Structures are given as C-alpha cells and as structure tokens.
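The values are calculated or read from the model by the stated rules, or taken from the named source; none is laboratory data. All figures in this text were calculated on a predicted structure; none of them were measured in a lab. Here the Cβ positions follow ideal geometry from the backbone for every residue, glycine too, while neighbour counts run over all protein chains shown.
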Ligand SMILES: [Zn+2]
C-alpha cells in the first residue's frame, strides 16, 4: 500500500494528511486516528486530485473533529520559522562555513557546497555529490550540539552510513559522541511541542 504525506489548505488552515492508495478499496474514505492523523484512502485508480475534492466536500465533517486552534498555531509557528529563516539564513551559513572549515582542519575531507535550509524534520544531511545541508534551526541549539552536528555531517563525506568506521571518525573529535547523539535526538526541531492533536476520537467517513 502506497502512502504519501500531503497537506491541504482549508479555510486558511493547513491540514496535514496521509494519502493511502489501497488496491482493493472501491471507494474513498477519510479516517481520523486518535494520534491525530487524517488518513485519506483512495482506490487503485483514485487520484490525488480526487482525494482533495473529497476532502473539500467533507470539510465540515473534518472541521468538526479536528483541533482547528492547534492547526492554526502550527501554521503561525511555521510562518515564524519562515520569516526567521529568511532573515538569518546568511548569518547561519557563515557560522556553518566557519565551523566546517574549523573541524575539517583535522579531517581534510573534500566537499562541494554547503547549504542552509529550513527543513521540518531534519538537522542536516550529506549527499553523494558531497554537498552538506544544514537546518538553519541549529542556531537554537547549544553550541556543543551545533558542533556535533557539523562533525556528524562532515564525517559522512567519508562514510555515507552509520557504520563503526563512521563513529570512529566522529570520536576523533568527540569522545562523548554517544551522549551528544542522544541529546540531539531529544532536541526538538520545534522549540515548543507542536505535535498536532485532535480530539482523540477515531472517526471514519466513507464515500459510497
Ligand atoms: Zn548521520
């Protein structure tokens, strides 16, 4: 079964949903799970557009059960990040470039380009083309975690995996990398918890 994360704007609010294609289902259905996810299941020949049309048709049902205020504050927070990203992107890029070249004096890895992005769910990444990507939100992290993140992505230039060899490279800079790794995992990409919660009821609506 194919699943894709999507979102739709309804009356000025962004509603995230999961689009599922089910080969055996003959109809479109909407399900609100109690963990807050809205699932739209479409039949084998169903389309994304058809799913969106269905969501719009059933907007009053959706708006009755979802937590509109939570979603609105989520939207506002996203706008805040977007603004901050635009104003601080350059500053963060300079900081990151400085740190990369500082830590790379030990490693001497070659890399291509460094990018600063506004990721929603990722602190950083290293691509096969040897580009390094960093989430601008790292400016909200304590400095030791910023440095760990830089070294982590830097070491992926040599080892594009999390093998023993990779961790050996990291430990050349950070003996305590296990603690740093755990702390970074626990650090929220959103300073406040924005996990969207609905009313905690499982509802299902099916189009016949
Ligand atoms: Zn990694």
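For residues that are touching a residue at least 12 places away in the same chain (Cβ under 8 Å) and over 17 Å from residue 104 (Cβ atoms), tally how many sit in the stretch 139-175. Give the steps one after another, and end with the answer.
First, the residues of the stretch 139-175 that are touching a residue at least 12 places away in the same chain (Cβ under 8 Å): 139-141, 144-158, 160, 169-170, 172-174.
Next cut, over 17 Å from residue 104 (Cβ atoms) only: 139-141, 144-145.
Number satisfying all stated conditions: 5.
Could you please find all residues in the stretch 26-63 being surrounded by 18 or more Cβ atoms within 10 Å (Cβ to Cβ) and closer than 11 Å to residue 15 by Cα?
Passing the criteria: 38, 55, 62.
Would a scan of the stretch 9-32 turn up a residue that is part of a loop (DSSP other than H, G, I, E, B), in contact with a strand residue (DSSP E or B) (Cβ under 9 Å, 6 or more places away or on another chain), closer than 20 Å to residue 120 by Cβ and outside the structural domain of residue 120 (by TED's automatic domain parsing)?
So far as the stretch 9-32 goes, no, none of its residues is part of a loop (DSSP other than H, G, I, E, B), in contact with a strand residue (DSSP E or B) (Cβ under 9 Å, 6 or more places away or on another chain), closer than 20 Å to residue 120 by Cβ and outside the structural domain of residue 120 (by TED's automatic domain parsing).
Answer yes or no: is there a residue in the stretch 65-75 that is at pLDDT 95 or above and in contact with a strand residue (DSSP E or B) (Cβ under 8 Å, 6 or more places away or on another chain). Reasoning before the result, please.
Pass one, the stretch 65-75, residues at pLDDT 95 or above: none.
No: the stretch 65-75 contains no residue that is at pLDDT 95 or above and in contact with a strand residue (DSSP E or B) (Cβ under 8 Å, 6 or more places away or on another chain).
Pick out, from the stretch 87-192, the helices (runs of 4 or more DSSP H) lying fully within it that include 3 or more residues that are within 12 Å of the ligand (Cβ to nearest atom) and modelled with pLDDT of 95 or more.
Qualifying helices (runs of 4 or more DSSP H): 143-156, 164-171.
Return the residues of the stretch 94-120 that are farther than 21 Å from residue 167 by Cβ, more than 17 Å from the chain's Cα centre (by Cα) and in contact (Cβ under 8 Å) with a residue 24 or more places away in the chain; say none if nothing qualifies.
Scanning the stretch 94-120 gives 95, 96, 110.
Are any residues in the stretch 64-87 loosely packed, with under 13 Cβ neighbours inside 10 Å and under 27 Å from residue 138 (Cβ atoms), and if so, which ones?
If the condition is that a residue be loosely packed, with under 13 Cβ neighbours inside 10 Å and under 27 Å from residue 138 (Cβ atoms), then 76, 79, 80, 82, 83, 86, 87 are the ones that fit.
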